[in-house]
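Engineer: Quick one: this structure, given as structure tokens, is what I'll be asking you about.
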Amino acid sequence: MFGENFLFGASMAGFQVEMGYARDDVDPNTDWFVWVREPENLITGAVSGHLPEYGVGYWNNYPLLHQLAVNFGMNALRTNVEWSRIFPNPTLDVQVIVEVQDGIRKVQINQEDLQKLDKFANKEAVEHYRQIFKDMKDRGLKVILNLSHFTLPLWIHDPVSVHKGLQTEKTGWVNDQTVIEFAKFAAYVAWKFDDLVDMYSTMNEPNVVSQMGYIMSRFGFPPSYFSPEMYIKSLLNQAQAHARAYDSIKSLSKKPVGIIYSASAYESVNQDKVIEENANYLMNYLFLDVITSGKVFFQERQDLKNKVDFIGLNYYTRTVIDRIKPVDFGVLSLEWTIVDGYGYNCVPGGISKDCRPVSDFGWEIYPEGLLKVLKLIYNRYRLPIIVSENGIADSRDWLRPYYLVGHLYAIERAIQEEIKVIGYLHWSIVDNYEWARGYHMRFGLAETDYETKKLTPRPSMFIFRELVKNGSCDKFYRYLKSPYEIWRI
């Protein structure tokens, strides 16, 4: 059983859902807005060619989506404020107290600083976000507010210049100044919205931002510039930014503040525990170690220690690996490579090498991995966990019912084993803009008609409601074995 206080809901991101209803909902001031229409990216196929301004239109039709959530048993939604909507112009001129000593140790924002920031803010956007969050609250939904979901304001990050190797100070998370500006933004958000917020998370998948931006550049994430040095710098700066944002929020709020992190179950082809441990450290632990224990490679920083109240885990599938000759990344060493045919590296819509069904995105269904990851993360950090993203690209809704039951069963098993999982947020409640893949990937429990903006619940959404109502997966256990046998442990 999940318990009466368990959070059942969905996650979404501003850039992916806000635009698409009218001209007044378009936000042209983010790095991603520029990135998806850059001619070189369009010619090379790095991006889909789809544009976010033809999307869900949540900025204006949010009441429909909120009521949809309520109608199908949800009690929480996670969304984010777009930094570029609140501050479309630089806040660099608002000088605050900063302590620097081998890193940014402290950013202090006082009441006078907040008043100065208020003069730079887009008041209409602030008030509109308040209307959105109030509507959630009025319908009985808990508001889980994320501060950053991939996008950065253009005055922070010029992805095209970075991609082309041009000289610019707008290097996003590679620039130390971004840490300071993010702390200001976090303080302002808490100052303006805390009465409507139940829980905060500072950022979504910082590991993905760094990996996709500076290592796995073929996936179309800005700035798609291969640089191990920039990868490490951006990752550590995001850790510092999280810690300083945590401090900023906590100075104004008593609400819990967490992090949203992408995790995977790393399994080797021949039970090679050494490379599995190496992969788990690099991909699942390194960042979280920094903000829990303050361990930054070979040093400890007390200013980064215990800066998280809960961990949001985004889990989609496993990653199967095999040993290679070590590749040196400076302070890091990579001893493994990803094996095709499993996890994220399958033929879309096919069957994995393990004879498991695969999504439209080419991601293998592997719910057992979620149970493994929950055990690993909880046993290491002993913090409450929310499964903050979990879902499948499945336009026909053929696999989503089994995916949904399999992963909720994994959570139910984890709870039975006394792992403190306090919520499940499906990705996503409706189809939306899937970053570099545009509108091709359909992740919604409800189908989005992008022309009419009509939201139509898929059959899996009714199963979701029944699972919530029942408080357990027991009515659907047969889905674990038939017809796909998705659960094998």
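The values are calculated or read from the model by the stated rules, or taken from the named source; none is laboratory data. Just so we're clear, the structure is a prediction, and the values are computed from it rather than from any experiment. Virtual Cβ from ideal backbone geometry, glycine too; neighbours counted across all protein chains shown.
Engineer: Considering each residue of the range 405-429, count those that are over 17 Å from MET74 (Cα atoms) and either polar (S, T, N, Q) or not in a helix (DSSP H, G or I) (or both), and give that number.
Structural biologist: So the answer is 5.
Engineer: Only one of these conditions is not met by HIS426: (1) modelled with pLDDT under 95; (2) under 30 Å from TYR62 (Cα atoms). Which number is it?
Structural biologist: Going through the list (1) modelled with pLDDT under 95; (2) under 30 Å from TYR62 (Cα atoms), HIS426 breaks only (1).
Engineer: Counting only residues that are hydroxyl-bearing (Ser, Thr, Tyr) and assigned to a loop (DSSP other than H, G, I, E, B), which one in the range 229-275 is surrounded by the fewest Cβ atoms within 10 Å (Cβ to Cβ)?
Structural biologist: In this case the residue turns out to be SER251.
Engineer: Would a scan of the range 397-406 turn up a residue that is more than 19 Å from the chain's Cα centre (by Cα), among the aliphatic types (A, V, I, L, M) and buried (at least 22 other Cβ atoms within 10 Å of the Cβ)?
Structural biologist: So far as the range 397-406 goes, yes, one or more of its residues are more than 19 Å from the chain's Cα centre (by Cα), among the aliphatic types (A, V, I, L, M) and buried (at least 22 other Cβ atoms within 10 Å of the Cβ).
Engineer: ASP449 passes all but one of (1) in contact with a Ser or Thr (Cβ under 6 Å, 6 or more places away or on another chain); (2) surrounded by fewer than 19 Cβ atoms within 10 Å (Cβ to Cβ); which number fails?
Structural biologist: Among (1) in contact with a Ser or Thr (Cβ under 6 Å, 6 or more places away or on another chain); (2) surrounded by fewer than 19 Cβ atoms within 10 Å (Cβ to Cβ), ASP449 violates only (1).
Engineer: Here's a follow-up. Please find, among TYR378, TYR402, TYR366, the residue that is in a helix (DSSP H, G or I), closer than 24 Å to GLU205 by Cα, modelled with pLDDT of 95 or more and not charged (D, E, K, R).
Structural biologist: TYR378
Engineer: Here are some conditions: (1) within 28 Å of ASN41 (Cα to Cα); (2) crowded, with 17+ Cβ neighbours inside 10 Å; (3) not polar (S, T, N, Q). HIS440 meets all but one. Which one does it not meet?
Structural biologist: (2)
Engineer: Hey, any hits in the range 210-218 for a residue that's crowded, with 21+ Cβ neighbours inside 10 Å, assigned to a helix (DSSP H, G or I) and of a type in the set (Lys, Arg)?
Structural biologist: No, the range 210-218 contains no residue that is crowded, with 21+ Cβ neighbours inside 10 Å, assigned to a helix (DSSP H, G or I) and of a type in the set (Lys, Arg).
Engineer: Do the conditions hold for SER11, that is, is it among the hydroxyl-bearing types (Ser, Thr, Tyr) and touching a Pro at 6+ places or on another chain (Cβ under 8 Å)?
Structural biologist: So SER11 does not fit the description; no.
Engineer: Sticking with this structure for a sec: Given the condition surrounded by fewer than 20 Cβ atoms within 10 Å (Cβ to Cβ) and not small (Gly, Ala, Ser), answer yes or no: does some residue in the range 11-22 qualify?
Structural biologist: yes
Engineer: Does VAL296 satisfy being over 23 Å from the mean Cα position of the chain (by Cα) and either modelled with pLDDT under 95 or on the phi > 0 side of the Ramachandran plot (or both)?
Structural biologist: It is false that VAL296 is over 23 Å from the mean Cα position of the chain (by Cα) and either modelled with pLDDT under 95 or on the phi > 0 side of the Ramachandran plot (or both).
Engineer: I'm checking my understanding of the structure. Among residues of the range 146-194 that are of a type in the set (Ser, Thr, Tyr) and within 25 Å of SER262 (Cα to Cα), which one is nearest to the chain's Cα centre (by Cα)?
Structural biologist: Result: SER148.
Engineer: Quick check: anything in the range 123-137 in contact with a His (Cβ under 7 Å, 6 or more places away or on another chain), more than 16 Å from TRP35 (Cα to Cα) and either aromatic (Phe, Trp, Tyr) or touching a residue at least 12 places away in the same chain (Cβ under 8 Å) (or both)?
Structural biologist: There is at least one residue in the range 123-137 that is in contact with a His (Cβ under 7 Å, 6 or more places away or on another chain), more than 16 Å from TRP35 (Cα to Cα) and either aromatic (Phe, Trp, Tyr) or touching a residue at least 12 places away in the same chain (Cβ under 8 Å) (or both).
Engineer: Then there's this: Of everything in the range 458-489, what is surrounded by 17 or more Cβ atoms within 10 Å (Cβ to Cβ), in a loop (DSSP other than H, G, I, E, B) and of a type in the set (Ser, Thr, Tyr)? Give them in sequence order.
Structural biologist: Scanning the range 458-489 gives a single hit, TYR484.
Engineer: Here is a further query. Identify all residues within the range 83-109 that are of a type in the set (A, V, I, L, M, F, W, C), buried (at least 18 other Cβ atoms within 10 Å of the Cβ) and not in a helix (DSSP H, G or I); write none if there are none.
Structural biologist: So in the range 83-109, the residues of a type in the set (A, V, I, L, M, F, W, C) come out as 83, 86-87, 92, 94, 96-98, 100, 104, 107, 109.
From what's left, buried (at least 18 other Cβ atoms within 10 Å of the Cβ): 83, 86-87, 94, 96, 104, 107, 109.
Scanning the range 83-109 gives PHE87, VAL94, VAL96, ILE104, VAL107, ILE109.
Engineer: Moving on. Taking GLY444, is it more than 23 Å from the chain's Cα centre (by Cα), small (Gly, Ala, Ser) and at pLDDT 95 or above?
Structural biologist: Criteria not met by GLY444.
Engineer: I would also like to ask the following. Would you be able to say whether some residue in the range 408-418 is closer than 25 Å to GLY220 by Cβ and crowded, with 20+ Cβ neighbours inside 10 Å?
Structural biologist: no
Engineer: Please verify whether the range 95-116 includes one or more residues that are more than 30 Å from LEU425 (Cβ to Cβ), in contact with a strand residue (DSSP E or B) (Cβ under 9 Å, 6 or more places away or on another chain) and among the basic types (Lys, Arg).
Structural biologist: yes
Engineer: Only one of ASN5, ASN41, ASN29 is in contact with a Leu (Cβ under 8 Å, 6 or more places away or on another chain), surrounded by fewer than 24 Cβ atoms within 10 Å (Cβ to Cβ) and of a type in the set (S, T, N, Q); which?
Structural biologist: Being in contact with a Leu (Cβ under 8 Å, 6 or more places away or on another chain), surrounded by fewer than 24 Cβ atoms within 10 Å (Cβ to Cβ) and of a type in the set (S, T, N, Q) holds for just one of ASN5, ASN41, ASN29, which is ASN29.
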